[in-house]
Every structure is written in C-alpha cells, then in structure tokens.
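Everything on this sheet refers to the single structure shown next.
The values are calculated or read from the model by the stated rules, or taken from the named source; none is laboratory data. Since this is a predicted model, take the numbers as computed values, not measurements. Every residue, glycine as well, gets a Cβ built from its backbone with ideal geometry; the counts of neighbours run over all protein chains shown.
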Amino acid sequence: MDELAIGPAPRIKRHVLRLQDAGIKAIFSLCEKEEAQPHSSMEEQFPFHRIVLPDHRSARLPKPNELSEALVLLSELHQKYGSVFVHCVAAMERSPLVCMAWLVQRHRLSPERALDYMMQGSQAEEV
C-alpha cells in the first residue's frame, strides 16, 4: 500500500529532499502553518494542501465531518497525484488518525488491523 506516507512536518531542506527521493507526489498538512513552519521549498516542489484538525491542545476532538472532509481531500490528492505525504506537527495524533481512517475506509481494514499496519510502518526510518 504505497499510497500514503506519514511523518512529522518537513521543516528543513533535507526533509523536502527525502520526500522527493521517496517518490512523494503531494503533501497534505493537518496542522496550522504556525505550528510547524514548512521549509520554503516544500510548496515549490509539491502540490500542497492543508486542512487543520484539532490536537491535544484543543478543547475538543476532531468532529466526524472534519475527518470526512480530510478523507475526501486525501482521496482526491491520491487520485490526482499518487503517493501523498500526510503530516501534522510530530506525526503522533492527527496524521495517524487520518491515515488509519484511510485504511479502514479505503481498504476495509478493521481499526485494529489498521493500527497494526501503521505500527509496522513506524519501524521505518523517520523523514
């Protein structure tokens, strides 16, 4: 399932270069720009889209319609560009949630199996 990649926000040039080397075609951010200032070359190198979801610092959880909106955009990005890098600040809350939901929705995995799949990928080298 080389459809998505997940990681922390790409903040330095080396991160952007590694995404290019990995074959990433688009970037989907789930955090405010101020939370994780992207490297200036990121938006020049990739189609870039952002939907802001709440995290642990918010006074609320993501609403189902917000998660649905993120999944619709992610599906459109994947269909148009191919491999999409999904990030939030540290890849510990919002981006894993959206990627797990993607696996449940698109590949019909159980939430437990989606979590197992994601945990297998966490052994890979960090961006």
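Check region 62-84 and report whether any residue there is crowded, with 16+ Cβ neighbours inside 10 Å, in contact with an Asp or Glu (Cβ under 8 Å, 6 or more places away or on another chain), assigned to a loop (DSSP other than H, G, I, E, B) and modelled with pLDDT under 95.
The answer is no; no qualifying residue exists.
Of the numbered conditions (1) free of Cβ contacts under 8 Å to residues at least 60 places away in the same chain; (2) over 13 Å from the mean Cα position of the chain (by Cα), Gly23 fails exactly one; give the number of that condition.
So the condition that Gly23 fails would be (1).
What number of residues within region 1-31 are surrounded by 14 or more Cβ atoms within 10 Å (Cβ to Cβ) and not hydrophobic (A, V, I, L, M, F, W, C)?
9
Keeping to region 33-57, report how many residues are polar (S, T, N, Q) and either exposed (fewer than 11 other Cβ atoms within 10 Å of the Cβ) or under 17 Å from Gly7 (Cα atoms) (or both).
Final tally of qualifying residues: 2.
Gln79 - would you say it is among the polar types (S, T, N, Q) and over 22 Å from Asp116 (Cβ atoms)?
yes
Just to be sure I understand the filter: pairs with C-beta atoms under 8 Å, separated by 6 or more residues or on different chains, first member in region 31-51 and more than 19 Å from Met92 (Cα to Cα), second member at pLDDT below 95 and in a loop (DSSP other than H, G, I, E, B). Which pairs pass?
His39/Pro10; His39/Arg11; His39/Ile12; Met42/Pro10; Phe48/Pro38
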